[in-house]
1. State which residue is surrounded by the most Cβ atoms within 10 Å (Cβ to Cβ) when the search covers only the range B:124-147 and only residues that are within 10 Å of chain A (Cβ to nearest Cβ) and under 17 Å from residue B:80 (Cα atoms).
2. So which residues in the range A:141-171 are assigned to a helix (DSSP H, G or I) and of a type in the set (S, T, N, Q)?
3. Consider only pairs whose beta carbons are under 9 Å apart and that are at least six residues apart or on different chains; among these, list those whose first residue lies in the range A:325-347 and is more than 8 Å from chain B (Cβ to nearest Cβ) and whose second residue is basic (Lys, Arg) and surrounded by fewer than 18 Cβ atoms within 10 Å (Cβ to Cβ).
4. Does at least one position in the range B:193-205 carry a residue that is without any contact (Cβ under 8 Å) to a residue 40 or more places away in the chain, on the phi < 0 side of the Ramachandran plot and assigned to a loop (DSSP other than H, G, I, E, B)?
5. Between B:587, B:574, B:604, which is assigned to a strand (DSSP E or B), surrounded by fewer than 24 Cβ atoms within 10 Å (Cβ to Cβ), under 22 Å from the mean Cα position of the chain (by Cα) and not basic (Lys, Arg)?
6. Looking at the range B:173-196, is at least one residue touching an Asp or Glu at 6+ places or on another chain (Cβ under 6 Å), surrounded by fewer than 24 Cβ atoms within 10 Å (Cβ to Cβ) and of a type outside the set (A, V, I, L, M)?
7. Out of all the residues in the range B:29-41, is one or more more than 14 Å from chain A (Cβ to nearest Cβ), hydrophobic (A, V, I, L, M, F, W, C), in a loop (DSSP other than H, G, I, E, B) and loosely packed, with under 15 Cβ neighbours inside 10 Å?
8. Tell me, which helices (runs of 4 or more DSSP H) wholly within the range A:238-347 include 3 or more residues that are farther than 24 Å from residue B:61 by Cα and not acidic (Asp, Glu)?
Amino acid sequence: MNEIAAFCQSLKKDFTRREQNPRQPVHCWSEKEGFDGMVADAYVIILRTRGCSWMLSSGCTMCGYFNDSMFTRVSEEDLQAQFDNAIQHYKGEKIIKLFTSGSFLDSSELSESVQRYILNSIPSNVEKISVESRPQYITEERVIGIKETLSSKEFEIGIGLETSNDLIREHAINKGFSFQDYVRAVMLLQKHQIKVKTYVLMKPPFLTEKEALDDCILTTKETKRYADSISLNPTNVQHQTVVEYLWKRNQYRPPWLWSIVEYLKQSTSFTDAFVKCDVVGGGSRRGPHNCGICDKKVLDAITEFSLSQDKSTFQNLSCDCQEKWRDQLNLETLSFGSFVDFLRWNP
Amino acid sequence: MNFRVCIRDGPARIGHLTLDTNTIVTPNIFFLHTTRYNAPAFSDILLTNKRIQTKKPYIQIGESLFSSTKTQKNHCLHHYLLYAKDVPADLHLSASLQKKHPEITIIPAKKELIPKLTKNNDTKLFIVAYATQLFMQQTDFVDFITKLREQIGYQKLIYLPCVGDPTSIAFLTYLGVDFFDSFSACMAARNETFLFPNGLFRKNNLPELPCSCPSCFSSNDATVMNYKEILQHNYFTLNHEIKQVRNAIATGSLRELVETRVRSSPHLASLLRILDLRYYRYLEERTPVVRKQPLIATTKDALARPEIRRFQERVLHRFEKPESTKILLLLPCSAKKPYSFSKSHTLFRECLQRITNPFVVHEVIITSPLGLVPRELELTYPASRYDIAVTGYWDDDEKKMIRSILQEYVQRNHYDATIVHLPVAMQDFLCDWIKDPYVTCKDSPTSTESLAILSKELEEMTQCYPRIQPQQRYQENIKSLACYQLGFTLATLLMDDCTITGKYPYQKIMHKTTQLGMLTEERGFLSLTMAGAQRLLDAKQYWVEIYDDFTLKGSVFAPGIQQADASIRIGDEVLVEKANQLCGVGVALMNGTEMSQATQGEAVKIRHHL
């Protein structure tokens with residue numbers, strides 16, 4: 001195991017897991033989402049599984065979703081009960097998103113029979129189903145199986161590519177797969193008319209704000225041929241992660257909301273994909289944030305853009321703290337790690 | 001990149017750094033020069049991340065391994081991989097993907113990494129990464145910088161990004177840092193804060209603007225000054241302070257400046273205290289034993305100065321009282337130095353000289369911050385040139401220090417009796433544990449009454465002893481000084497069968513008609529002749545071994561030195577040897593470790609040679 005993987009693993013060693021009910025999903029809720037040029041409702045279910053297989057071996061530097069995982073095998077019956085409990089609160093949303101804090105297609109999380117049970121139990125008026133998976137579980141056999149189960153519904157698989165830069169994925173994220181793995185999976189999905197959503201990570205640890213922004217832009221350009229939609233995931237500080245370890249020691253700052261705005265503004269000019277951003281923890285110290293005064297206003301604009309793709313929502317956005325953000329972009333590299341946050345300067 | 005140290009003051013030094021054809025003086029400030037920030041015209045060296053056209057020397061930082069931007073050629077650093085400082089050490093060490101730069105090393109501020117990242121590393125400049133985070137952890141910070149300096153030696157440069165501002169660069173230079181940058185100026189300006197050497201002030205806290213820099217002069221009202229104007233003020237202050245710091249090094253008074261500057265913040269004051277308390281050896285090795293500048297003790301921190309502690313330790317562990325003295329006479333210090341030249345001590349000495357057997361008496365001066373100064377050491381630094389705020393009031397720290405030193409001193413040096421000719425305030429904290437003290441001072445030590453009692457007591461107490469001849473005592477006095485300067489072994493070798501000629505303080509050590517050495521008021525140390533040095537050769541101390549093919553003329557330069565005794569300090573008298581034969585004697589301009597390491601610079605000023 002390499003050093004970054006060992007570091008990720010070491011942080012998971014001694015944390016106490018929360019009491020968790022294997023018959024209840026982690027969470028389910030309804031949200032808005034852009035769909036066919038309109039705004040539609042989406043029902044999100046997060047199933048509680050054994051946990052992401054990659055996480056169980058080492059895991060990614062920013063991911064703390066394992067805090068919701070069981071770490072022990074969850075019986076097929078329990079998993080089915082989770083879904084049954086969740087679907088009781090379904091209120092006719094057009095889209096269903098089925099997430100597991102891991103890979104939906106990973107049979108060590110959800111056996112094929114559970115996957116089939118769930119897909120077969122999707123209410124008939126649902127038009128689109130969205131799941132997530134690492135590329136290694138996207139095989140011809142699985143894809144054909146899904147297509148047979150679902151017939152006419154639109155199916156989308158989200159892949160956490162994070163970045164098109166293999167060096168960053170390996171040495172800053174510890175993602176455990178390559179850009180080529182992603183491309184192979186996408187080609188397969190395209191062949192079977194399955195939609196691809198690509199997750200792009202804004203600001204892995206060890207990157208400056210500028211490097212992070214540039215990397216997101218380049219990734220979006222380089223995935224232009226592969227992604228039907230792009231979901232920008234700005235890093236938030238999750239428990240028991242490398243990111244949290246650094247953040248607590250003042251060696252990491254979540255991205256500025258201005259960086260997200262800058263990315264979204266530019267994105268329309270170099271991709272036709274639908275680009276959205278759901279800012280988890282936005283405006284808090286652990287989430288992407290600005291100065292605290294303008295955060296609400298900027299977050300609203302980001303949400304608005306994610307539904308409408310209309311960059312005029314950013315037009316009248318400004319705040320004094322933009323100068324500090326620009327300083328950060330301009331000077332951070334020359335500070336050699338000293339200034340991870342240009343907002344916080346206490347001599 | 002070529003670097004040469006020119007002037008030293010403690011761990012701080014003034015040096016010359018040559019980049020291509022430009023030479024700049026250090027310590028200095030890298031002024032940021034980017035698309036958003038223009039370095040001021042008075043900057044000496046720039047730090048940039050863009051391609052620039054300039055006649056000034058600059059360092060251009062390229063893109064890191066994680067950057068999407070294509071790196072241009074000629075960048076000083078590119079494809080470097082910098083992990084945050086607190087990741088496990090093996091992750092730092094695994095960063096082998098990065099291209100090593102021949103002249104610059106980025107070292108994450110983690111002590112465990114120092115040995116591995118500095119070993120077999122020929123780069124000249126060490127950039128401390130995550131410096132501000134380290135700076136907040138006081139003990140770790142001092143520990144890291146001192147360890148780094150010890151590992152990389154004297155020939156290399158330390159650049160501490162982001163940390164230095166006008167309040168701290170004096171201390172940081174004293175700690176051993178060579179390069180700072182203009183980050184503090186930019187950050188402060190962005191936060192409407194004016195930098196001054198004595199503190200940082202928000203613009204609303206400056207009802208009057210105490211500055212005449214071009215920027216302040218033209219507006220004269222802090223509250224209306226904008227970001228750009230404040231930035232210019234801050235640049236000016238940084239530049240002003242770095243010059244002050246260099247001046248202080250050049251004049252040997254950096255410590256005094258540091259003690260003033262650290263008053264501005266408890267954080268800095270703690271750092272200096274930690275350095276003094278825990279890193280005495282680091283400071284002492286770098287502190288000269290002879291100095292022309294007075295030691296100004298106006299703060300509590302001055303009590304912890306390395307030269308003071310060294311003086312006290314040498315008085316207790318090297319110095320031996322003149323052998324034939326039997327009576328200890330404790331005297332107060334005088335403002336004028338050396339003491340003998342003062343009015344009060346002239347009076348004391350007159351009392352002493354009037355008695356029939358004066359040489360049986362040993363004068364020891366009680367003082368703060370040195371503790372006690374035997375008369376024989378009054379010409380040596382720092383006893384010869386210190387100045388302290390005198391109030392007649394002694395605080396508990398001073399009392400405790402004097403008591404413990406005197407206590408240890410009299411255990412090591414035996415006297416039959418003690419005469420206390422000290423002001424009442426000092427009698428109060430000293431007499432209670434001196435065995436049968438003869439107190440001769442009633443009101444003031446120099447009053448007619450006190451002096452009369454002193455004379456009478458001296459006469460009575462010395463009568464019972466056989467008369468000590470002046471020549472014997474002169475010889476013993478010089479030997480006592482030699483013990484302090486060279487240690488007992490060398491002092492015995494030097495002073496065997498010799499006589500003293502000349503009038504104090506200019507005294508010569510003679511063996512028959514051959515001069516062995518001389519005491520001068522200017523140095524307060526014994527300067528040796530070749531004959532004197534020859535006597536010490538076999539003891540293998542204070543030696544500097546030069547290469548066989550090196551011809552000795554005016555000075556010994558570092559490249560000619562094979563090795564040198566690590567106990568040599570700047571100002572020490574040293575023996576220059578070639579193939580185990582004495583070939584010269586002179587004064588050390590570097591300490592022994594630096595002489596062994598250095599490849600440039602004047603190491604020994606030769607007085608006599610073959």
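The values are calculated or read from the model by the stated rules, or taken from the named source; none is laboratory data. No experiment lies behind these values; they were computed from the predicted model shown. Positions of Cβ are generated from backbone atoms using ideal geometry, with glycine treated the same way; all protein chains shown enter the neighbour counts.
1. B:128
2. Our first condition is that a residue be assigned to a helix (DSSP H, G or I); within the range A:141-171, this holds for A:141-150, A:166-171.
Hit for the range A:141-171 is A:149, nothing else.
3. These pairs meet every condition: A:329/B:36.
4. no
5. Details: B:574 fails: surrounded by fewer than 24 Cβ atoms within 10 Å (Cβ to Cβ); B:604 fails: surrounded by fewer than 24 Cβ atoms within 10 Å (Cβ to Cβ).
It is B:587.
6. No, the range B:173-196 contains no residue that is touching an Asp or Glu at 6+ places or on another chain (Cβ under 6 Å), surrounded by fewer than 24 Cβ atoms within 10 Å (Cβ to Cβ) and of a type outside the set (A, V, I, L, M).
7. Of all residues in the range B:29-41, those more than 14 Å from chain A (Cβ to nearest Cβ) come to B:40-41.
Narrowing the set further to residues that are hydrophobic (A, V, I, L, M, F, W, C) leaves B:41.
With the extra rule that they be in a loop (DSSP other than H, G, I, E, B), the set shrinks to B:41.
So of that shortlist, the ones also loosely packed, with under 15 Cβ neighbours inside 10 Å come out as B:41.
Checked against the condition, which is being more than 14 Å from chain A (Cβ to nearest Cβ), hydrophobic (A, V, I, L, M, F, W, C), in a loop (DSSP other than H, G, I, E, B) and loosely packed, with under 15 Cβ neighbours inside 10 Å, the range B:29-41 yields at least one hit.
8. Working: elements: A:242-248, A:257-270, A:295-308, A:322-331.
Once the helices (runs of 4 or more DSSP H) in the range A:238-347 are filtered for at least 3 residues that are farther than 24 Å from residue B:61 by Cα and not acidic (Asp, Glu), what remains is A:242-248, A:257-270, A:295-308.
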